[in-house]
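Written below as structure tokens is the structure these notes are about.
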Amino acid sequence: MLKGFLTVGGWTMLSRVLGLVRDQLLAAFLGAGPVQDAYQIAFRLPNMFRQLFGEGALNTAFVPIFSAMLTTDGTEKARRFASETLSVLLTWLLLIAVLGELFMPQVVRVIAAGFPMDGERYHIAVTLSRITFPYLVLICAAALVSGVLNGLHRFGVAAAAYVSFNVVGIAAILLLPSLTGDVGRAAAWGVTLSGVVQLGLLLLAVHRAGFRLMLLPPRLTARIHLLLRRMAIGCLGSGISQINLLVDTMIASFLPAGSVSFIYFADRINQLPLGVLGAAAGTTLLPVLSRHVAAQDHDGAHSAQNRAIDYAMVLTLPAALGMIVLAHPIIATLFQHGAFTERDAMLSAQSLRAFAIGLPAFVLIKVLAPGFFARGDTATPVRIGLFTLTLNFTLNLLLMHPLLHAGPPLASSLAAIVNVGILGFLLRRRALLRIFPATISRVVRMLLAALGMAAMLLMLNLTALGPLAVHHGPLRIVALMVLVAAGMLAYGIGLQVLGVMELRAAIAMLRGRLARRRGRTA
């Protein structure tokens, strides 16, 4: 599982870094004005469908059934089930896409209720949303194909394909404005074109794996009925974070112009560790856990979940505290260019701090939810999701006026913390989660090391490095790199001193792996 965790995490990290480059271009060309707000609304809708239905409800319902079929029924029956699922999925996705294109003005009126209907932001959002909406068909189909590859334990290929989203997006922003007329439309076309590329790459990978999928006449077989039932009730449970973000966007549309953009750029930074660590933990844990459950290996299931918690928290805790302390230098260095002003960076940093408070909880949701999904229980997470969704909406209403653009992110963070608490409580009460004392001890020591790192970064940020990382052009990059390197060093020393990680043992393990790899190559 560690190999899968590192593989998925590595490819996701590359994708997120390229995503930051794409967002830097959007910030430089569009700033935080009406076109940027409209583009974020246009992208939010198909992206929400992708994460709710594609990577959320579909993946958490499909992968356990598919993995169990591979274990008990063999490859041929599993392949037919995957083909049947793809055929049914494409049928209803195409219907949704057609309806979405026809009723896009009404859809935008709902998800961006604060945009005046006679205003510039609303009309641009409708136009761009019609361009991006076909992406939901392509990317949900791609998510199913990724689920097949993950079930086959080919995690690297599935994770690598998503890098193409940002590669195509960057190319579109740089090359298409002369054809589309402006950067906003170019970026929107880049979204849809990236879906074509991702689906094509994944289908090619499945074919090379000897597991070619076929389009069959859509039929609601017994297993498809089971899949759809689990998807229907699992949609909120697996995608509650995305629904909360949609609520944040809707609330932000009522705030002053630029608020949607401030929250978006803050979330992009927050998604770097969340996407790398949360996606890696959830993606690799679910098929492993499903196979342990299918084999009635309860001790193996508990051990897998403890390892996932350990792997995720060792980097999530310092990432969260580091973003709280260095929010302003991070946003300024990455996005304060062109039309994105120093004031925009300062306000977006406030949103980032609010998101970072809930980062460990966001990641732990990805680790704990598979404990239900692997056992076919999608109803419990949905009940928890409905409660936390209501809580998030209530907190949004309470915090939006006093905290403005920092209110919606803080509401999401607080709701995620409650979500994790309830997930953990119910798993333990049902004896589906047994956290080992060694895991608790290690996480506590990780937290102490991260707090020491944060204290050191706070002191450094109050010296000349802090202002340098915010105000001084190209030197911002150097100053931020020094701060990040100092934080990594301090955290590494803390882990060593507290006995969480033995540096010599880690080096010996890496040398052993490299030696074995060289031996296989020879």
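Annotations for the structure displayed:
- Among the residues listed as ILE240, ILE233, the single one being at pLDDT below 75, part of a helix (DSSP H, G or I) and either charged (D, E, K, R) or open to solvent by 30 Å² or more (accessible area, probe 1.4 Å) (or both): ILE233
- Pairs where the first residue, in the range 441-458, is under 17 Å from ARG307 (Cα atoms) and the second is not in a helix (DSSP H, G or I), C-beta under 7 Å, 6+ apart: ARG442/VAL500; ARG445/LEU498; ARG445/GLY499; ARG445/VAL500; MET446/VAL500
- Test: residue in the range 101-124 that is among the small types (Gly, Ala, Ser) and in a helix (DSSP H, G or I): no
- Pairs with Cβ under 7 Å, 6+ apart, first in the range 66-93 and open to solvent by 30 Å² or more (accessible area, probe 1.4 Å), second part of a loop (DSSP other than H, G, I, E, B): ARG79/PHE211; THR91/PRO218
- Here the range 421-478 is the region considered, the condition is being farther than 30 Å from HIS302 by Cβ and not in a helix (DSSP H, G or I), and the residue that is modelled with the highest pLDDT is LEU462.
- Residue among ALA61, ALA27 that is open to solvent by less than 20 Å² (accessible area, probe 1.4 Å), of a type outside the set (Asp, Glu) and modelled with pLDDT under 75: ALA61
- Any chance SER67 is out of contact with any Pro (no Cβ under 7 Å at 6 or more places or on another chain), modelled with pLDDT under 80 and not aliphatic (A, V, I, L, M): no
- In the range 196-222, residue least open to solvent (accessible area, probe 1.4 Å) [restricted to those that are in a helix (DSSP H, G or I) and closer than 13 Å to ARG79 by Cβ]: VAL206
- Flag if MET117 is free of Cβ contacts under 8 Å to residues at least 24 places away in the same chain and not polar (S, T, N, Q): yes
- Residue count for the range 127-141, restricted to those that are touching a Pro at 6+ places or on another chain (Cβ under 6 Å) and either surrounded by fewer than 21 Cβ atoms within 10 Å (Cβ to Cβ) or among the hydroxyl-bearing types (Ser, Thr, Tyr) (or both): 2
The values are calculated or read from the model by the stated rules, or taken from the named source; none is laboratory data. Only a predicted model underlies this, so the values are computations on that prediction, with no experimental measurement involved. In this analysis, Cβ positions are derived from the backbone assuming ideal geometry, glycine residues included, and neighbour counts consider all displayed protein chains. Note: accessible area is taken over every heavy atom of the protein model, side chains too, but ligands, DNA and RNA are not part of it. Shrake-Rupley method; radii C 1.70, N 1.55, O 1.52, S 1.80 Å.
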